[in-house]
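The values are calculated or read from the model by the stated rules, or taken from the named source; none is laboratory data. Quick caveat: nothing in here was measured; it's all calculated off a predicted structure. Cβ placement follows ideal geometry from the backbone for every residue including glycine, while neighbour counts extend to all protein chains displayed.
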Amino acid sequence: MKLLSNPLLSNTYVYNQDVLSGYAVLSIQASKSVGLQVGGRMEHTNIDGNSGAGNAEQLSVKNNYTNFIPSFAISKNLSPVQTLRLSYSKRIQRPSLQYLNPFKDISNDRFQRQGNPNLSPEISQTVELGFSTMIKKSMINTSVYFRHTTDIIESIARPDTYEGKPVTLTTFDNIGNNNSIGTSLFGSIVPLKGATLRGNFDIFTYKPSTGSSFTELAGEAKTYALYKAFVSGSFTLPNNLIAETFFILNSPRRTFQGRNPSFNMWQLSLNRQFLNKKAKIGINVVDPFNETKHFKSSIKSAELTQQSDFGIPFRSVGLNFSYQFGKTNFNPQPKKKRGVNNDDLKQDSGQQGTGN
């Protein structure tokens, strides 16, 4: 059997990104109750990407840009357990490889996908006013914020043809800017002995301002409220029993063309410790009331109307057992290093364009 190479189905893409940066932070204790922190980071990015597959549709790219990323925060201690904080921050999110690779995936005869190596990074600026307090063993953090994001990276679906057949081609582009107003709440409470509840809730607006070149591709121009929530709890019961649970709830993610699927999940577990708490056995249940989880998305623009709904089996029940040998630590925590972390890549494929 002879293997034949098809350059249209081959993908070899080399992408190099070098970032040269320097940063400084100044902290000042203005008084016993007022603290001030000012910082800044300068970054210069060089990008060089090219395809080695011989596919004329795969593009090469060379790009470089410089960004100044300042930060500012002032905090006021209202009491030993209450703090008020005002901050300004700037964040850069560079597109990760899944957005950049120009290889056209034609494995599906109706829906094709292609990256864009000429994407610019998203830049978001946030002003936030936060308040935190302690009430006995409970802690509450709440804040309101305004976020301005430029060069939003989102997916774009448009009608296309491939070998004379109609297809939907999904690509990526910097579609415009977005202003968000939001509020967040985080709390950790101890309602009774042996029980701890934690929760985080965030709600924010989304209404992008797109460029004129995307007019025919855009959907309805409305202001949408998006939210995400996470709640967890742990309970220590008699006879060395430990019950734990967590719940995730995310609203549908808006895009300038429509919406991407929402997501929620509930997990419960009950474990029993024995042999001086070195061993643990238990049962774990995921989404006990949802055998199948459905993910719905929609696009509605002047050029394309599309709806999709796919489901996957999700409910599961499992048994787990663990035993700790001596003081062995299989997951040692690495020492924290000072410097710039590589946490600026945009990873999610939802492209909600909110800068979150």
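Summary table
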| quantity | calculated |
| --- | --- |
| Residue list for the range 1-55, restricted to those being polar (S, T, N, Q), surrounded by fewer than 12 Cβ atoms within 10 Å (Cβ to Cβ) and either in a strand (DSSP E or B) or modelled with pLDDT of 95 or more (or both) | Asn16, Ser27, Gln29 |
| Selection status of Phe214, at pLDDT 90 or above and either surrounded by 14 or more Cβ atoms within 10 Å (Cβ to Cβ) or in contact with a helix residue (DSSP H, G or I) (Cβ under 6 Å, 6 or more places away or on another chain) (or both) | no |
| Filter result for Arg110 (at pLDDT 85 or above, in contact with a Lys or Arg (Cβ under 8 Å, 6 or more places away or on another chain) and either surrounded by 19 or more Cβ atoms within 10 Å (Cβ to Cβ) or basic (Lys, Arg) (or both)) | no |
| Within the range 87-119, considering residues that are part of a strand (DSSP E or B) and small (Gly, Ala, Ser), the one farthest from Val167 (Cα to Cα) | Ser87 |
| Condition met for Pro191 (under 27 Å from Thr66 (Cβ atoms), touching a strand residue (DSSP E or B) at 6+ places or on another chain (Cβ under 7 Å) and not in a strand (DSSP E or B)) | no |
| The range 251-304 - residue that is outside any loop (DSSP other than H, G, I, E, B) and of a type in the set (Ser, Thr, Tyr) and, of those, nearest to Thr236 (Cα to Cα) | Ser269 |
| Options Leu78, Leu100: the member that is of a type outside the set (Gly, Ala, Ser) and surrounded by fewer than 15 Cβ atoms within 10 Å (Cβ to Cβ) | Leu78 |
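Table: residues versus (1) of a type outside the set (A, V, I, L, M, F, W, C); (2) surrounded by fewer than 16 Cβ atoms within 10 Å (Cβ to Cβ); (3) in contact with a Lys or Arg (Cβ under 8 Å, 6 or more places away or on another chain); (4) modelled with pLDDT of 90 or more.
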{"position": "Phe204", "(1), (2), (3), (4)": "no, no, yes, yes"}
{"position": "Pro208", "(1), (2), (3), (4)": "yes, no, no, yes"}
{"position": "Lys222", "(1), (2), (3), (4)": "yes, yes, yes, no"}
{"position": "Ala229", "(1), (2), (3), (4)": "no, no, no, yes"}
{"position": "Phe256", "(1), (2), (3), (4)": "no, no, no, yes"}
{"position": "Ser269", "(1), (2), (3), (4)": "yes, no, no, yes"}
{"position": "Leu275", "(1), (2), (3), (4)": "no, yes, no, no"}
{"position": "Ile283", "(1), (2), (3), (4)": "no, yes, no, yes"}
{"position": "Phe295", "(1), (2), (3), (4)": "no, yes, no, yes"}
